[in-house]
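Undergrad: Starting off with a structure, shown below.
Just so it is clear, none of the values below were taken in a lab; they were calculated from the coordinates. Since we're looking at a predicted model, the values are computed, not measured. Cβ: placed from backbone, ideal geometry, glycine included. Neighbour counts: every protein chain shown.
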Amino acid sequence: MILSKQQGNVQNRAVTLPLLCLILPLFLMVFASVSNDVEAAPTSMGQTGGINMPTARIDDDGRLRFGLSEFSPYTTFWSSLSLFPRLELGARYTSIENTIGLSVDDNYGTFKDKAFDAKLLLVNESTYFPALSIGSQDFLGTRVFDAEYVVMSKSVGSVDLSLGYGRARID
């Protein structure tokens with residue numbers, strides 16, 4: 001039996017839709033009776049998140065953080081500011097070891113990058129629904145770490161779960 005491309009797409013949708021309809025209610029049922037015991041913590045790049053990935057969390061309003069992180073080959077000096085209850089801004093200076101820089105001199109050693117980030121919390125986390133944020137990394141600067149993303153985060157006891165979609169380089 002030979003299927004056309006259009007018939008194949010219809011069959012794929014026919015399988016995907018019921019699967020989505022099954023997973024979404026299960027996802028909501030799991031999070032129905034959850035407490036919010038998770039605190040916002042910085043990533044290695046300074047934005048609120050986990051290790052190298054942003055979450056939908058925003059630090060407390062008016063909080064200013066500074067940090068130095070090393071995640072080989074990256075060494076990053078960063079700062080972040082939660083300016084308003086729903087806006088987090090970040091700035092960082094990253095050194096990438098053992099990388100040829102943008103110089104004529106071969107002894108340059110490491111590439112240096114400046115970046116500015118922003119994250120906007122669209123929906124606060126509630127009993128039944130996750131927090132929802134959109135963000136942009138390196139929207140000003142050299143744009144080596146340029147990325148845009150949307151992310152949902154929900155705490156289950158002391159565990160923070162996140163699901164998101166990003167474009168370009170998400171670190």
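Undergrad: Between Val150 and Phe84, what is the spin-label point distance in nm, taking each point 7 Å from the Cα along the Cα→C-beta axis?
TA: The answer from the label model is 2.1 nm.
Undergrad: So how much slack lies between Thr99 and Lys112, counting 0.36 nm per residue of separation and subtracting their Cα-Cα distance, in nm?
TA: Full extension from Thr99 to Lys112 adds 3.7 nm.
Undergrad: Once you put a point 7 Å from the Cα of Ser72 and another 7 Å from the Cα of Asp60, both along the Cβ direction, what distance in nm separates them?
TA: 3.7
Undergrad: Would you please give the residues with an amide H less than 5 Å from that of Ala41, counting only those at least 5 places away or on a separate chain, with H modeled from the backbone geometry?
TA: Gly49
Undergrad: I need the phi-derived Karplus couplings for the range 70-83: 6.51 cos²θ - 1.76 cosθ + 1.60, θ = phi - 60°, integer Hz, Gly and Pro marked x.
TA: For the range 70-83, the Karplus-derived couplings read 10, 9, 2, x, 9, 10, 10, 9, 9, 9, 9, 9, 8, 6 Hz, x marking Gly and Pro.
Undergrad: While we're looking at this one, here's another question. Could you derive backbone 3J(HN,Hα) for the range 129-142 from the dihedral phi with the Karplus parameters 6.51, -1.76 and 1.60 (θ = phi - 60°), listing whole Hz in sequence and x where the residue is Gly or Pro?
TA: Values, residue by residue: 10, x, 5, 10, 9, 10, x, 9, 9, 6, 6, 10, x, 7 Hz.
Undergrad: Check which residues have an amide H placed less than 5 Å from Arg143's amide H, if you skip close sequence neighbours.
TA: Amide H neighbours of Arg143: none.
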